[in-house]
1. For residue 70 and residue 18, FRET efficiency with R0 = 35 Å and r from the beta-carbon atoms, rounded to 0.05?
2. Under the 0.36 nm per residue contour assumption, what length would be gained going from the current alpha-carbon distance of residue 108 and residue 34 to full extension?
3. May I ask you to derive the FRET efficiency for residue 9 and residue 99 from their Cβ-Cβ distance with R0 = 25 Å, giving the value to the nearest 0.05?
């Protein structure tokens, strides 16, 4: 266990491994945009920087469909080439993480995979039910 916003903690967690899967998320009641941004931006930087320092082979980063939410139309599929157009402050945090991953890939030759995790309703799931579920 550790704190993703504490660089020394991340260094300890990544020492001696080949790869990192960054899925860190802490949601606390009363947290606003800044608290979430601090965790997402500083924490993600810490993961990529630690991976670079230790010469890790790969980082898998949990991004979000919100990183490109304004780039796609309703009911479109979000492919790997969807441009970054965040639809929320949270999405902007995730877009930053993807961009930071690109930087570490290009500059430090780190293999980075960004997973745009999202909601996947079934074929029988009408849009109205999907919207109702999201609104709760």
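Just so you know, all these numbers are worked out from the coordinates, no wet-lab data involved. Keep in mind that what you see is a predicted model, and the values were worked out from it rather than measured. Heads up, the Cβs are rebuilt from the backbone with ideal geometry, glycines too, and the neighbour counts pull from every protein chain shown.
1. Details: r = 36 Å, r/R0 = 1.03.
Plugging the Cβ-Cβ distance into 1/(1 + (r/R0)^6) gives 0.45.
2. Result for the pair: 23.8 nm of gain on full extension.
3. 0.60
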